[in-house]
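**Student:** If you scroll down you'll find the structure; I have some questions about it.
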Amino acid sequence: MSIENKLNIKLRAVEPEDIDLLFQWENNQEIWHLSNTITPFSRHILTKYIETAHLDIFQTRQLRLMIDVLESGQNPRTVGAIDLFEFEPFHLRAGIGILISNTLDRNKGYASAALQSLIEYTFKTLHLNQLYCNIGTDNILSIKLFKKHGFTEVGIKKKWNKTLAGYTDEMMLQLIND
């Protein structure tokens, strides 16, 4: 499966060739706080994940799509991933998360284009009623990104995440398919 948009972004299924990127991303301690990860992932576990990534979202309750940038005259370049998680088929909702791995690839519109494409896919193809995300209140750029795409703040979870500096608050945002 792939989803393309006008901004030269393609969302595609995870491929076996992505193992090195996934291994790097999942074991980057600097971003573990974004996914509440506290232990590393082995290549074996990630290989098993890739082997089951073809399963339907209704079976696995999650979907990871790789974000490729299509630059003229060059092969696509993978800059990140966008995930649906905690998919609830009865309630027709899912959580969403985005990673643009390299700081040099941030603030170029890639996350925005990927988010817009995934919103369209989830509402038009999966017929979801709503999407939500949880973002640390100190992550101003991510909050701006989601609000730009129509997500609204529905609450603040006080002292929700433990960090080296103490506890931090987390904002929950929601987008209803009206």
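A short reminder: the numbers here are calculations on the coordinates, not readings from a lab. All values reported here derive from a predicted model rather than from experimental measurement. Don't worry about glycine lacking a Cβ; one is built from the backbone with ideal geometry, like all the others, and counts go over all protein chains shown.
**Student:** So if R0 is 45 Å, what FRET efficiency would Y167 and R12 give, r being the distance between their Cβ atoms, rounded to the nearest 0.05? Can you show the working numbers first?
**Tutor:** Working: r = 37 Å, r/R0 = 0.83.
Rounded to the nearest 0.05, the efficiency is 0.75.
**Student:** Let me ask you something else. State the antiparallel share, in %, of DSSP beta bridges confined to the chain, rounding to the nearest 5.
**Tutor:** So the antiparallel bridges in the chain amount to around 90 percent.
**Student:** Can you tell me the mean projection area, over all orientations, of the convex hull of the chain's alpha carbons? Units nm², please.
**Tutor:** 10.7 nm²
**Student:** Using alpha-carbon pairs under 8 Å, 6+ residues apart, how would you state the relative contact order of the stretch 2-176 in percent?
**Tutor:** Values: 269 pairs, mean separation 29.3, N = 175.
Contact order relative to length: 17 percent.
**Student:** Excluding same-chain residues fewer than 8 positions from K159, which lysines have a Cα within less than 25 Å of its Cα?
**Tutor:** Within the straight-line limit of under 25 Å, K159 reaches these lysines: K144, K147.
**Student:** For the chain, modelled as a Gaussian network with Cα springs under 10 Å, which listed residue fluctuates most, L99, L21, L11?
**Tutor:** Taking springs between Cα atoms under 10 Å, the residue moving most is L21.
**Student:** If each DSSP helix of 4+ residues adds -39,500 (n - 2.57) and the sum is divided by the residues in the chain, what number results at 222 nm, nearest 500 deg cm²/dmol?
**Tutor:** -7500 deg cm²/dmol
**Student:** For a quick check: with amide H placed at 1.01 Å from N, whose amide H comes under 5 Å from V14's, ignoring anything fewer than 5 positions away on the same chain?
**Tutor:** The list, which skips near neighbours in sequence, is M66.
**Student:** Report the FRET efficiency, 1/(1 + (r/R0)^6), for T125 and Q74, where r is their Cβ-Cβ distance and R0 is 30 Å, rounded to 0.05. Could the numbers behind the result be given before it?
**Tutor:** Values: r = 29 Å, r/R0 = 0.96.
Here the calculated transfer efficiency is 0.55.
**Student:** Counting other C-beta atoms within 10 Å, which of M172, M66 has the fewest, and how do the rest follow?
**Tutor:** Arranged by neighbour count, lowest to highest, M172, M66 become M172, M66.
**Student:** Between T103 and R61, how high is the FRET efficiency from 1/(1 + (r/R0)^6) when r is the Cβ-Cβ distance and R₀ = 30 Å? Nearest 0.05.
**Tutor:** That pair, T103 with R61, gives E of 0.45.
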